[in-house]
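Working notes, structure below.
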Amino acid sequence: MKHSSFLLLLVLVVFFASCGDKQNYTVICQSDYIPEGSQIVLYDMFGEAVVDSAVFSKGEAVFKGFVEQPFVGFVFVGNTPLSMLMVEPGTIHYGIDSDTLYGTALNAVMTSYIRELHSLQMEIMSKGTNRPSEKELESIRNRYAELNWRYYHQNEDNEIGAFMLLAMVNNAPKEILSYDQFDSVLAGASPKVREFKAIREAQERIALTRRTALGMPVVDFEGIDFATGRPSSLVKMIDGKLALVDFWASWCAPCRAIIKGRLIDLYEKYKDKGLVIVGVDVMDKPSDHQKASEQLGIPYPQLIDNSEDNKAATLYGITAIPFIMLVSPDGTIIGKGLSDKELEPAILQALK
C-alpha cells in the first residue's frame with residue numbers, strides 16, 4: 001500500500017511540475033555587429049504575431065518560451081528581417097553574422113535550405129538592375145519549385161515538409177502548387193504535415209477562397225449602414241443591382257486614392273445604367289471612417305464591418321486592400337481583385 005501511495009505521489013509531483021514549466025525552448029541569438037540595446041523580435045510567420053522580444057546585451061539576445069507544436073518563426077531587428085527558423089523544443093543557436101542555425105534537428109535542415117535559397121536569390125540579384133526576361137523568371141520559378149519539392153520529399157515526416165508545402169501554395173505572384181494539388185499532396189501526407197497548425201489554417205483559408213471564387217454566389221455578411229447607422233448586410237445594400245464592392249479603410253492611402261480618382265467618377269458615370277458601388281470599411285474606427293468619407297465626398301452606399309474578428313475580410317480571404325470585386329445582378333461574383341485599369345472594361349462587359 002505504501003509503495004502504491006509513493007508511486008501516486010511521484011506521478012502527481014511530475015505532473016504538476018510539468019504543468020508549471022512553461023518553457024521548453026530557448027533561442028540564443030548572437031552577433032558581433034548589432035548595437036548594444038537593439039531590440040530583437042521573434043515573429044510567428046504564419047500566425048502573423050509577435051511571439052517575444054528581447055534586447056541585445058553583450059552581443060546576445062535570448063528568447064525563452066513554451067511551444068506545443070513547432071512553428072516557423074522570423075527574427076527581426078527593428079524593421080529589418082534577418083532569418084527564418086523553426087521554433088521547437090530545445091536550445092536553438094542563431095548566429096546572425098554567419099546566418100547559421102544549430103542545436104535542434106529541424107533547424108539544421110532549415111540552415112541548409114536557407115543557404116540554398118540565398119544562393120538562388122544572389123544569382124537573381126547578380127543580374128543588377130536589369131529586369132529578368134519572362135524566360136529567366138520561369139527558369140527561376142522552376143528552380144525554386146525544385147528546391148522546395150526536394151526538401152519536402154526529404155522531410156515528409158516532419159514540420160519542415162509542412163513548411164515547404166506552405167511556401168509553394170502561398171508563393172506569389174504565381175502559386176507553385178494549385179489548391180487541387182495541395183489537397184492531393186495532403187491526402188497522402190504524414191500526420192505531422194497534415195496536423196501542422198499553419199497547414200490546417202491554410203486549408204480553412206482555401207475553403208473560404210473557393211466559396212468566394214469567380215462564378216460563386218456572393219457571400220453575405222452583416223454590418224452597419226453608414227448612412228442610417230442601422231444594421232444592414234452586403235446583399236441588402238447591393239439590392240439586386242450590378243455592384244462594385246470596394247473593401248477599404250480610412251488609413252489606407254491607395255484605397256483613398258482609387259476612391260477619389262476612380263470610383264466616384266465611375267459611380268456618377270454608370271449609376272443611371274444600373275451600377276451601384278458599395279464601400280465596405282474594414283479594420284477601421286467609425287470616427288475615422290466618417291472623417292474620411294466626408295473628406296473624400298463618397299456619394300455611394302457604405303457598409304461598416306464592425307465585427308471584432310474582421311469577418312468581411314476573412315470571408316473573402318482579403319490580405320491587402322483596396323480589394324474590389326464585381327457582382328452581377330443575380331448575385332454571382334464575376335470579378336475579383338480588380339485593378340484600376342480593369343474596372344471600367346469589367347463594368348461595360350457586364351452591362352452588355
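Just one residue in the set A189, A145, A198 is under 29 Å from G73 (Cβ atoms), of a type in the set (A, V, I, L, M, F, W, C) and outside any helix (DSSP H, G or I); that residue is A189.
Provide a single number: the residues in region 274-290 that are farther than 24 Å from T319 by Cα, surrounded by fewer than 16 Cβ atoms within 10 Å (Cβ to Cβ) and not small (G, A, S). Residues in region 274-290 being farther than 24 Å from T319 by Cα, surrounded by fewer than 16 Cβ atoms within 10 Å (Cβ to Cβ) and not small (G, A, S): 0 in total.
Of the residues screened, R205 is not one that is in the same structural domain as T314 (by TED's automatic domain parsing) and either under 25 Å from S328 (Cα atoms) or under 19 Å from the mean Cα position of the chain (by Cα) (or both).
For R256, the stated conditions do not hold, so it cannot be described as closer than 26 Å to L351 by Cβ and in the same structural domain as I304 (by TED's automatic domain parsing). Of all the residues that make up region 325-335, how many are in a loop (DSSP other than H, G, I, E, B) and out of contact with any helix residue (DSSP H, G or I) (no Cβ under 9 Å at 6 or more places or on another chain)? Qualifying residue count for the region: 1.
Name the single residue that is modelled with the highest pLDDT among those in region 41-92 being among the polar types (S, T, N, Q) and in a loop (DSSP other than H, G, I, E, B). Give the steps one after another, and end with the answer.
Residues of region 41-92 among the polar types (S, T, N, Q): 53, 57, 69, 79-80, 83, 91.
Remaining after also requiring in a loop (DSSP other than H, G, I, E, B): 69, 79.
Values: Q69: 92, N79: 81.
Selected residue: Q69.
Within the set E138, E156, E123, the sole residue that is among the charged types (D, E, K, R) and either at pLDDT 90 or above or closer than 20 Å to A213 by Cα (or both) turns out to be E156. Consider region 20-40 and keep the residues that are outside any loop (DSSP other than H, G, I, E, B) and among the polar types (S, T, N, Q). The one that is surrounded by the fewest Cβ atoms within 10 Å (Cβ to Cβ) is Q39.
For region 190-213, check the following and say yes or no: at least one residue is among the polar types (S, T, N, Q), in contact with a strand residue (DSSP E or B) (Cβ under 7 Å, 6 or more places away or on another chain) and within 17 Å of I318 (Cβ to Cβ). Yes, region 190-213 contains a residue that is among the polar types (S, T, N, Q), in contact with a strand residue (DSSP E or B) (Cβ under 7 Å, 6 or more places away or on another chain) and within 17 Å of I318 (Cβ to Cβ).
Only one of these is surrounded by 14 or more Cβ atoms within 10 Å (Cβ to Cβ), among the polar types (S, T, N, Q) and modelled with pLDDT of 95 or more: S328, S250, S293, S307. Name it. Reasoning before the result, please.
On the way: S250 fails: modelled with pLDDT of 95 or more; S293 fails: modelled with pLDDT of 95 or more; S307 fails: modelled with pLDDT of 95 or more.
Exactly one of S328, S250, S293, S307 is surrounded by 14 or more Cβ atoms within 10 Å (Cβ to Cβ), among the polar types (S, T, N, Q) and modelled with pLDDT of 95 or more, namely S328.
Per this entry, Y152 is not counted among residues that are aromatic (F, W, Y) and outside any helix (DSSP H, G or I).
The values are calculated or read from the model by the stated rules, or taken from the named source; none is laboratory data. None of these values were measured; they are calculated from a predicted model. So basically every Cβ, Gly included, is an ideal-geometry build from the backbone, and we count neighbours across all protein chains shown.
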